[in-house]
Amino acid sequence: MRGRSAGPVLGVGIAVLDLVYEVAVYPAEDDEVRALAMRRVRGGNVTNSLAVLSQLGHDCRWVGILGDDPAADLILADLADQGIHAREAMRVPGGTTPTSSILLSRGGGSRTIVHFRDLPELSADDFGRVSLDGLAWVHFEGRNPLETARMIRRVREEAPDVPISVELEKSRPGIEALLHGPQLLLASRAFARAGGREDPGDFLEDLLVRSDARLCVVAWGADGAAFLARGGQVQRVPAYVPTRVVDTLGAGDVFNAGVIHGLLQGRPAAEAVVQAVKLAGLKCGHPGIVVER
Ligand code: ADP
Ligand code: FRU
């Protein structure tokens, strides 16, 4: 499944300190329970996806914002360990790095996330200083839409041949601004539902019409995923079920990386999505964001 791309993959989005507590079952409000295990690790959607792409053999670069605290040092050390260049990341003097407290239920692998951030978002002016030379791909998190739309326009104008993907995980005001420019839209079920869509096919047909993307994909949790390429029909891909689901944290990030990986390998959309579903399913069978052992 490995395959190095012609140039680096640039990911733009967040890096987070994840405090992950494994519990036997998800507690009730006001309960006091003991965790079975605990880990402090780097998380964040785009950096998780880059970690997967790096494991799959791609050169990866990250741009985003960190605080000025030990959590930022831990994140930078982890990115360096994973071979992800973060030299263009910004640090906010006196800032607190975003942190998530996460309960992972061993009962069924669910993950419940309480996320804290008070750092400013990366601006288009910040991104304007980032080199686009030689890139094979740019992947954006769908956040801070108006600024991110300006970043997408810059890539379109200055590096018109570089494919762009955008993750649509949460419905945010102004998110429609991100539907024009990227070739690939990677949506979540939560995003589809926030727009009133309970059926992945209906959601994708509507999304494709509203965008100029060539391919729209939606991850649908334990039900797998669906995709629609321009000029084609909606296709559904059932989940790849691991022997036991132990950790679904970051499954969507692994899935997104899998689709990008497949397309970078020159595979047709159907093969890229099937491969992504397999990677995400395998990931759910073991702890952490590891796709190859
Ligand atoms: P997120 O991490 O954003 O909540 P999803 O829950 O939609 O993302 O999961 C992303 C992908 O991971 C799905 O499309 C599916 O392929 C896989 N996946 C998620 N949960 C399971 C599960 N319980 N069993 C097998 N595969 C799963
Ligand atoms: C998983 C994740 C975590 C992070 C949170 C941010 O997809 O990226 O690593 O804490 O989501 O929303």
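State which residue is nearest to ligand 2 (Cβ to nearest atom) when the search covers only the range 231-244 and only residues that are in contact with an Asp or Glu (Cβ under 9 Å, 6 or more places away or on another chain) and assigned to a loop (DSSP other than H, G, I, E, B).
A239
Out of all the residues in the range 104-125, which are within 16 Å of ligand 1 (Cβ to nearest atom) and closer than 30 Å to V155 by Cα? If you could, list the steps in order and put the result at the bottom.
As a first pass, look at the range 104-125 and keep what is within 16 Å of ligand 1 (Cβ to nearest atom): 104-115.
Result: H115, single match.
So which residues in the range 89-139 are within 16 Å of ligand 2 (Cβ to nearest atom), within 25 Å of C284 (Cβ to Cβ) and not polar (S, T, N, Q), if there are any at all?
P98, I102, L103, L104, G109, R111, I113, V114, H115, H139
Could you grab me the full set of residues in the range 32-89 that are of a type in the set (S, T, N, Q) and closer than 18 Å to S101 by Cα?
Those that are of a type in the set (S, T, N, Q) and closer than 18 Å to S101 by Cα: N45, T47, N48.
Answer yes or no: is there a residue in the range 139-151 that is β-branched (V, I, T) and either surrounded by fewer than 20 Cβ atoms within 10 Å (Cβ to Cβ) or out of contact with any Asp or Glu (no Cβ under 9 Å at 6 or more places or on another chain) (or both).
no
Quick one: in the range 168-189, of everything that is assigned to a helix (DSSP H, G or I) and touching a Ser or Thr at 6+ places or on another chain (Cβ under 8 Å), which residue is farthest from A269 (Cα to Cα)?
Going through the qualifying residues, I end up with A177.
Conditions (1) buried (at least 23 other Cβ atoms within 10 Å of the Cβ); (2) polar (S, T, N, Q); (3) within 6 Å of ligand 1 (Cβ to nearest atom), marked per residue:
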residue	(1), (2), (3)
A222	no, no, yes
F227	yes, no, no
R230	no, no, no
V234	no, no, no
V245	no, no, yes
N256	yes, yes, no
R267	no, no, no
A270	no, no, no
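For A251, state whether it is under 27 Å from V12 (Cβ atoms) and more than 10 Å from ligand 1 (Cβ to nearest atom).
Spelling it out, it is not the case that A251 is under 27 Å from V12 (Cβ atoms) and more than 10 Å from ligand 1 (Cβ to nearest atom).
Tally the residues that are more than 16 Å from ligand 1 (Cβ to nearest atom), in contact (Cβ under 8 Å) with a residue 24 or more places away in the chain and surrounded by 12 or more Cβ atoms within 10 Å (Cβ to Cβ), restricting the search to the range 26-38.
So the count comes out to 1.
Identify, by number, the condition in (1) touching a helix residue (DSSP H, G or I) at 6+ places or on another chain (Cβ under 9 Å); (2) in a loop (DSSP other than H, G, I, E, B) that V274 doesn't meet.
Among (1) touching a helix residue (DSSP H, G or I) at 6+ places or on another chain (Cβ under 9 Å); (2) in a loop (DSSP other than H, G, I, E, B), V274 violates only (2).
Give the residues of the range 91-103 that are surrounded by 17 or more Cβ atoms within 10 Å (Cβ to Cβ) and away from ligand 1 (no atom under 16 Å from the Cβ), sorted by residue number.
Scanning the range 91-103 gives G95, T96, T97, P98, T99.
So A251 ticks every box in (1) modelled with pLDDT under 95; (2) closer than 19 Å to G108 by Cα but one. Which box is left unticked?
(1)
Only one of these is assigned to a strand (DSSP E or B), in contact (Cβ under 8 Å) with a residue 12 or more places away in the chain and within 16 Å of ligand 2 (Cβ to nearest atom): V218, V254. Name it.
None of the others qualify; the one that does is V218.
Being within 16 Å of ligand 2 (Cβ to nearest atom), at pLDDT 95 or above and of a type in the set (D, E, K, R) is the filter here, so list the residues in the range 171-204 that pass it.
Result: R189, single match.
Being of a type in the set (D, E, K, R) and either more than 16 Å from ligand 2 (Cβ to nearest atom) or in a helix (DSSP H, G or I) (or both) is true for just one of D247, D212. Which residue is that?
Checking each option against the conditions leaves just D212.
From A280, A269, which residue is touching a residue at least 24 places away in the same chain (Cβ under 8 Å), under 20 Å from P182 (Cα atoms) and of a type outside the set (V, I, T)?
Of A280, A269, the one residue that is touching a residue at least 24 places away in the same chain (Cβ under 8 Å), under 20 Å from P182 (Cα atoms) and of a type outside the set (V, I, T) is A269.
Return the pair list, or none, for Cβ contacts closer than 7 Å from residues in the range 89-115 that are within 9 Å of L66 (Cα to Cα) to residues that are among the aromatic types (F, W, Y), at least 6 apart or on different chains.
Once the first residue is within 9 Å of L66 (Cα to Cα) and sits in the range 89-115, its partners that are among the aromatic types (F, W, Y) give A89/W62; P98/F116.
The values are calculated or read from the model by the stated rules, or taken from the named source; none is laboratory data. The structure displayed is predicted, hence computed values, not measured ones. For neighbour counting, all protein chains shown are included, and Cβ atoms are generated from backbone atoms with ideal geometry for every residue, glycine included.
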